[in-house]
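Peer 1: Before we start, here is the structure in question, set down as structure tokens.
We did not get these values from a lab; they are worked out from the coordinates using the rules stated. The shown structure was predicted, so the numbers you read here are calculated from the model rather than taken from an experiment. As a convention, Cβ positions derive from the backbone with ideal geometry for all residues, glycine included, and neighbour counts pool all protein chains shown.
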Amino acid sequence: MDLQQLLAAAQQMQDHLMSAQQELADAQVEGTSGGGLVKARVNGQGELVDLVISAAAIDPGDPDETAQTVADLVLAAVRNAYSAVADLQQEKMGPLA
């Protein structure tokens with residue numbers, strides 16, 4: 001392989017890397033818990049961008065228990081979303097590593 005081919009291969013790899021990074025920047029994944037009572041959306045760079053808690057997750061008759069339940073559901077949904085984004089990152093960046 002001559003130097004010109006090596007430089008072309010490096011440029012092609014850099015183009016693929018930049019493309020994969022842009023795809024990740026544009027991507028969003030969702031994690032859910034409690035059968036959809038809580039939904040967390042994370043972008044491809046691992047930033048939490050949205051969190052939705054259904055009113056059905058709240059029991060006004062038991063605020064202490066509800067608070068703990070909602071906290072557990074939020075944690076589970078966020079972990080689910082982060083797991084999904086890790087899979088996406090591996091899918092996009094794995095071949096380039």
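Peer 1: If you take the charge dipole of the chain about its Cα centre, with +1 on Lys and Arg Cβ and -1 on Asp and Glu Cβ, which of Pro63, Ala8, Val74 is farthest toward its positive end?
Peer 2: Going by the Cα projections, it comes out as Ala8.
Peer 1: Starting from the coordinates of the alpha-carbon atoms of the chain, obtain the Kirkwood hydrodynamic radius over all distinct pairs and give the value in Å to one decimal.
Peer 2: Details: mean 1/r = 0.0644 Å⁻¹.
When all Cα pairs of the chain are included, the Kirkwood radius is 15.5 Å.
Peer 1: Something else now. Principal axis extents for region 1-55, Cα atoms only, whole Å, descending order, please.
Peer 2: 64, 16, 10
Peer 1: On a 0 to 90° scale, report how tilted helix 3-26 is relative to the longest principal axis of the chain, with both axes built from alpha carbons and the result rounded to the nearest 10.
Peer 2: Tilt relative to the chain: about 20 degrees.
Peer 1: Placing unit charges on C-beta atoms (Lys and Arg positive, Asp and Glu negative, everything else neutral), compute the dipole magnitude of the chain about its Cα centre in debye, rounded to 20.
Peer 2: Details: 4 positive and 14 negative charges, 43 e Å.
The calculated dipole for the chain is roughly 200 debye.
Peer 1: Just to be sure I understand the model, the point goes 7 Å from the Cα along the line to the Cβ. What's the resulting Glu65 to Gln5 distance in nm?
Peer 2: It works out to 7.1 nm between the two label points.
Peer 1: Quick one: helix 63-93 against the long Cα principal axis of the chain, what's the angle to the nearest 10°, folded into 0 to 90?
Peer 2: Orientation of helix 63-93: about 10 degrees from the principal axis.
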